[in-house]
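Remarks on the structure that follows.
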Amino acid sequence: MKIISFNVNGFRSAVKKGFHQWFSDESPDILSLQEIRAEWSELTDEDRALLSSEHDVCWFPASKKPGYSGCATLVRKGLGCTQSPGVGVPEFDEEGRLVVTEHPAFSLIAGYFPNASEKLSRLDYKQRFSQWLTAEIARRTDKPLIIVGDLNVAPEAIDIARPDSNHKSPGFTDEEREDFRAYLRAGMVDVLRERQPTTEGLYTWWSVRGGARARNVGWRLDIFLVSPSLTSHVRSIEHQTHVMLSDHCPIALTLEGPYGA
């Protein structure tokens, strides 16, 4: 089973850059999209047909501010999943933050985590979101859990090209990094870092300024977290840095064994 997460930085923008071909080539079993920035009705007939021909689509745009945020999860038809837009917390759901998918063998929480924003104006909001998620991780003990999306935090210095100059920048504050560590203490595993603990340059987002992507001056913001019982069933995890449809790149995780069906 191949699960892909991709912050498309505007779905319609990504379509203009070649999303249709990428999606057809990858043919993921599960796809999480972030920053969709569009209502389902605003997509073209071709877009909707592409997304829904082989997948059940849970499209969850922001209701509070149209054209902002939003996420979606696509699940291949026949996998026996149920999907729920939102988590029952109005301040998160009105921004289209998360879709929850219940698979027979695991649960998936996927979406677009808040950005602390300029001057850390939304740090309190982001921390409330993180505290809710930590409690949710602790609550979900019935089956394995996968969390994925644009987490909007570079967890450690190795996850950012210039840690010293960004110590107090949104996405790399002490508070946000500590909140990420709380996910790990609650029982999740950062599967990429489990396998490549000392590998530098593994980034998923680059500024559009100054040729940052070409020079690989980036941040690792898009992350898979999995329950410990799943780690031995992860066949591969990759950053698709060659995909240039957004300022983020897709990340892909492949499961095998009983969790790969």
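Please treat every number below as a calculation from the coordinates, not as lab data. It should be emphasised that the depicted structure is a prediction, and the values quoted were computed from it without experimental measurement. Quick reminder, even Gly has a Cβ in these numbers, built from the backbone with ideal geometry, and neighbours come from all protein chains shown.
Compute the Cα gyration tensor for the stretch 2-260, then decide on rounded, prolate or oblate, letting a ≥ b ≥ c be the square roots of its eigenvalues: rounded whenever a/c is under 1.5, prolate when a/b is larger than b/c in the other cases, and oblate in all that remain. The partial results should precede the final answer.
Numbers: a/c = 1.25, a/b = 1.12, b/c = 1.12.
Rounded shape, in that the Cα axes give a/c under 1.5.
Taking amide H atoms as placed 1.01 Å from N in the peptide plane, the amide H of L145 lies under 5 Å from those of S107, S227, each 5 or more residues away in sequence or on another chain. Working from Cα pairs under 8 Å separated by at least six residues, relative contact order for the stretch 2-260 is 18 percent. You can think of it this way: the chain between T231 and D174 has 17.8 nm of extra reach, that is 0.36 nm per residue less the Cα-Cα gap. The length gained on full extension between Q196 and S24, counted as 0.36 nm times the residue separation minus their Cα-Cα distance, comes to 59.0 nm.
If you count Lys pairs in the chain whose Cα atoms are under 18 Å apart, skipping same-chain pairs closer than 8 places in sequence, the total is 5.
What does the extension gain come out to for R181 and K77, with contour length at 0.36 nm per residue minus their alpha carbon separation? Before the final figure, lay out the partial values.
Working: separation 104, 0.36 × 104 = 37.44 nm, distance 3.48 nm.
Residue separation times 0.36 nm, minus the Cα-Cα distance, leaves 34.0 nm.
Positive contributions from Lys and Arg (+1) and negative ones from Asp and Glu (-1), summed over other residues with Cβ under 15 Å from the Cβ of A252, come out at -2. Result for the chain in a Gaussian network model with C-alpha springs under 10 Å: among D164, D247, D47, the largest mean-square fluctuation is at D164. If Lys and Arg each add +1 and Asp and Glu each add -1, what is the summed charge of the other residues whose beta carbon sits under 14 Å from the beta carbon of I237? Counting the neighbours of I237, the net charge comes to 0. Each of A49 and K16 was given a label point 7 Å from its Cα along the Cα-to-Cβ line. The distance between the two points is 2.3 nm.
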